[in-house]
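Single-structure report; data block below.
Please treat every number below as a calculation from the coordinates, not as lab data. What you see is a predicted model, and the numbers here were worked out from it, not measured in a lab. Neighbour counts run over all protein chains shown; Cβ positions are idealised from the backbone, glycine included.
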Amino acid sequence: METLSRVHHGFRPRLRRLAATAFVAYVAWCVTVYAMQSRLLFMASVAGPGLSQAIIDAEPGLERHWIPAADGARIEAWLVSCPARPAKGLVCFLHGNAELIDDALHEAREWNARGFDVLLPEYRGYGRTSGTPSQAAIVMDVADAVEFAMMKGEHQRLILHGRSLGTGVAAQVATGQEGRLAALVLESPFLSVASFAWRYGVPPVLVTNPFRTDEALPRIKATTLILHAAGDEIVPVEHGRALASASGATIVELDGSHNSGLSLQREYWRAIDEHVLAR
């Protein structure tokens with residue numbers, strides 16, 4: 001009995017030490033993820049160098065602008081005009097992560113063919129745009145670029161179109177465009193960046209760029225279309241379904257995966273024609 005008692009009393013201190021070690025390790029992990037989260041979310045370094053100056057200059061109808069921010073950053077923005085004048089309105093297309101505005105010319109030309117001018121604003125720290133990316137800075141920059149383009153083109157109708165990370169930006173910008181926002185198109189949207197926190201084993205409260213689309217979307221009165229790949233392995237289609245259910249948005253599910261090029265499908269643009277432009 002005395003031996004068992006000694007073993008029992010020796011076990012409890014070891015258990016406490018193990019628990020304390022595990023707690024310290026978890027706190028260290030949370031601190032690491034907290035410090036690294038911007039690099040995990042904004043993957044500008046893998047977006048590539050972009051198009052050459054010669055190719056940009058040769059693009060018909062493309063005007064290149066540099067919009068100054070209050071803190072000194074210079075935001076590159078392209079205005080891609082449709083040949084038909086006057087244009088039906090302005091589409092602001094917001095690209096996904098690990099992409100640049102250079103990668104969005106296909107979407108711009110599709111909107112041009114439908115009679116719209118297109119604004120392609122770059123995110124801070126991406127491509128040739130200076131600054132450090134954050135939710136607050138990017139949303140502010142895009143709102144400023146939209147204001148510039150709407151006034152320059154004397155547009156009355158605005159459509160925001162985002163892909164992946166760009167859906168979080170589009171939803172946040174949309175909340176400040178009441179009265180002139182005609183439609184919101186979201187490709188592969190997520191409920192929020194915060195909703196992915198537990199994937200990394202950390203609580204959502206540590207997320208500094210939460211992009212709460214789940215909170216923004218129900219407040220947006222404009223026509224909203226969600227396009228989502230049924231086989232999306234990065235942002236599961238359940239995110240799109242939940243957003244549609246909570247906001248009354250229309251969701252169209254397409255074949256493919258997150259990076260399979262949904263906008264290359266005929267069904268993608270047919271959904272936009274039917275659920276956005278036909279209204």
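Dividing the summed -39500 (n - 2.57) terms of all DSSP H runs of n ≥ 4 by the residue count of the chain sets its mean residue ellipticity at 222 nm at -12000 deg cm²/dmol. Taking the C-alpha atoms only, the angle from helix 165-174 to the longest principal axis of the chain is near 70 degrees. Positive contributions from Lys and Arg (+1) and negative ones from Asp and Glu (-1), summed over other residues with Cβ under 14 Å from the Cβ of residue 214, come out at +1. Scoring 165-178, 59-72, 254-267 by mean Cβ neighbours within 10 Å over their residues and listing the highest first yields 165-178, 254-267, 59-72.
Listed options for Kirkwood radius over Cα pairs in Å are [x] 20.3; [y] 18.7; [z] 19.2. The value calculated from this structure is the one marked [x].
Projecting label points 7 angstrom from Cα along Cα→Cβ for residue 245 and residue 208 puts them 3.4 nm apart. For residue 159, the shell of other residues with beta-carbons less than 11 Å away shows a net charge of +3, using +1 for Lys and Arg and -1 for Asp and Glu. A simple count of charges around residue 20, restricted to other residues whose Cβ falls under 13 Å of its Cβ and scoring Lys, Arg +1 and Asp, Glu -1, yields +4. Descending by average beta-carbon neighbour count within 10 Å, the peptides 235-248, 97-110 line up as 97-110, 235-248, the highest first.
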